[in-house]
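Colleague: Got a structure here, written out as structure tokens. Questions coming.
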Amino acid sequence: MRNRALVTAALTAAALGVFASTTGAAAQTKVPRDCIHEAFKPHHITITCADGNFFLSGLKWSHWGRKMAAGKGTANINDCMPFCAQGHFHKYPVKVKLSSAHFCRNAGQTQFRRIRVTFTRSMPTGFKQTSSQPIACPLK
């Protein structure tokens, strides 16, 4: 009888832990990682959805909160020389900040709606050291 009570208590605790972790995850702010799918702390974010010629990879997040996230990674940018289909990707170290969390009705959850990218060393021709742009809610 005592063993059954211990097993029941352990199963109840485990179920409550699973429930708490899933409800906490559902309340976390996410970001569109590939212009369609949203993610929590993604390792990759596509910046130019139309052609994929600018994306972030190797992202490591030092902070991820409900209103702001910050991290570092690598910007991968196609030089489009002589044109984009025959261009080459170049890598640049960057800092990334996500902000402006809003509810996206299409996704049914809160997502970051602004991204700021700062080149920490060299940067590609035509780019500013720091640039900020809106992130659209993914279409579903």
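Colleague: Report every pair of residues separated by at least 6 positions or lying on different chains whose Cβ atoms are under 6 Å apart, first residue within the range 82-106 and open to solvent by 90 Å² or more (accessible area, probe 1.4 Å), second assigned to a loop (DSSP other than H, G, I, E, B) and at pLDDT below 95.
Modeller: What qualifies is HIS88/ASP79.
Colleague: Kindly evaluate HIS90 against the criterion of being assigned to a strand (DSSP E or B) and within 17 Å of THR48 (Cβ to Cβ).
Modeller: yes
Colleague: Within the range 128-137, track down each residue that is assigned to a loop (DSSP other than H, G, I, E, B) and either among the charged types (D, E, K, R) or in contact (Cβ under 8 Å) with a residue 12 or more places away in the chain (or both).
Modeller: LYS128, ILE135, ALA136, CYS137
Table: residues versus (1) within 19 Å of HIS43 (Cα to Cα); (2) modelled with pLDDT under 95.
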{"residue": "PHE55", "(1), (2)": "yes, no"}
{"residue": "GLY58", "(1), (2)": "yes, no"}
{"residue": "HIS63", "(1), (2)": "yes, no"}
{"residue": "PHE89", "(1), (2)": "yes, no"}
{"residue": "LEU98", "(1), (2)": "yes, no"}
{"residue": "PHE103", "(1), (2)": "no, yes"}
{"residue": "VAL117", "(1), (2)": "yes, no"}
{"residue": "PRO124", "(1), (2)": "no, yes"}
{"residue": "ILE135", "(1), (2)": "yes, yes"}
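Colleague: Take the residues in the range 33-56 that are in a strand (DSSP E or B) and over 10 Å from the mean Cα position of the chain (by Cα); name whichever of them is surrounded by the fewest Cβ atoms within 10 Å (Cβ to Cβ).
Modeller: Filtering the range 33-56 for residues that are in a strand (DSSP E or B) and over 10 Å from the mean Cα position of the chain (by Cα), the one surrounded by the fewest Cβ atoms within 10 Å (Cβ to Cβ) comes out as PHE54.
The values are calculated or read from the model by the stated rules, or taken from the named source; none is laboratory data. None of the values given here were measured: they were computed from a predicted structure. FYI the Cβ positions are ideal-geometry reconstructions off the backbone, even for glycines, and counts take in every protein chain you see. Side chains are part of the model used for accessible areas, which takes the heavy atoms of the whole protein and leaves out ligands, DNA and RNA. Shrake-Rupley method; radii C 1.70, N 1.55, O 1.52, S 1.80 Å.
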